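Here the structure comes first, spelled out in structure tokens, and everything after it is commentary.
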Amino acid sequence: MPSTILVIEDEPAIQELVAVNLTFAGHKALRAATVEQASTLIRAELPDLILLDWMLPGSSGVQFARKLRTDERTRDIPIIMLTARSNESDKVEGLEAGADDYITKPFSPKELIARIKAVLRRRAPQLTDDMVEMGGLRLDPATHRLTGRRRDGDAQTLEIGPTEFRLLHFFMTHPERVYSRAQLLDQVWGDHVFLEERTVDVHIRRLRHALSPTGHDYLVETVRGSGYRFSTAAVRTEGGSAASDVELAADLR
């Protein structure tokens with residue numbers, strides 16, 4: 001799936017090269033030449049990954065990485081350091097500052113895209129195009145297809161809206177964990193989008209409805225007083241869902 005990637009690089013030629021290749025790979029590229037510019041962009045839109053140059057005017061990339069890791073809003077953003085430093089001690093310093101990976105200059109665009117994909121697969125699997133199969137559901141982000149296996153063993157293609165597809169993709173790549181409505185808004189809609197938390201309830205109902213033809217709506221659980229969870233350990237009831245829409249509205253007040 002397309003990801004928003006912030007490129008923090010003060011050399012115009014390298015910044016341009018990286019941004020163009022990111023765009024060709026289907027990503028949205030944001031650009032900054034300084035930490036100050038990067039901070040402004042991050043306040044407006046939280047990126048899915050940051051490509052961070054080590055040597056920057058004013059404040060180094062390592063210092064900025066440490067700052068990002070101490071901020072609750074940005075601490076989970078994957079970071080790949082870009083630098084001409086190749087000594088082992090420098091790599092260790094970059095990784096200890098919070099970087100997830102480290103690429104030395106010069107590097108090939110193919111290597112960069114491969115490293116980005118690897119980091120996203122590890123840190124943010126909901127942003128990749130890898131097929132996910134769980135609990136009798138198969139979700140293919142590349143083709144935007146969802147199939148469910150019925151009780152009789154036959155597979156059936158399920159009709160699902162784009163928002164519900166993203167929501168299910170996030171759930172299936174983060175199973176068994178409970179997420180509040182606020183967390184789901186940040187993860188699925190983006191923290192720069194301002195919506196009522198009840199919007200999540202509407203899309204949960206739509207998601208369950210989309211999964212009901214094959215009886216998989218019960219996999220999306222309401223956890224009383226906490227939020228929602230996708231669980232293959234959920235108990236199927238005769239009504240199908242692990243929690244009715246009435247319970248959904250009451251439990252999360």
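All of the numbers you see were taken from the coordinates with simple rules; none came from a lab. Since the structure is predicted, the reported quantities are computational estimates derived from the model, not experimental observations. Cβ placement follows ideal geometry from the backbone for every residue including glycine, while neighbour counts extend to all protein chains displayed.
Figures for the structure shown
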read-out	value
Cα gyration tensor category, rounded, prolate or oblate, for region 44-103 with a/c compared to 1.5	prolate
Per-residue Cβ neighbour rank within 10 angstrom, fewest leading, 157, 143	143, 157
Rounded, prolate or oblate (a/c below 1.5 giving rounded, otherwise prolate when a/b exceeds b/c) for region 4-127 by Cα gyration tensor	rounded
GluC sites (Glu not before Pro) restricted to region 110-210 and DSSP loop, no more than 15 other C-beta within 10 Å	159, 176, 196, 197
Length-normalised contact order for region 65-188 - Cα pairs under 8 Å, 6+ apart - percent	14 percent
Descending principal axes extents, the chain, alpha-carbon based, whole Å	62, 38, 28
Exposure proxy ranking, count of Cβ atoms within 10 Å, fewest first, for 54, 189	189, 54
Of the GluC sites (Glu not before Pro) in region 1-107, those whose Cβ has at most 15 other Cβ within 10 Å and which sit in DSSP loop	45, 72
Cross-link reach list, lysines versus residue 105, counting only Cα pairs under 20 Å and skipping chain neighbours closer than eight places	91, 117
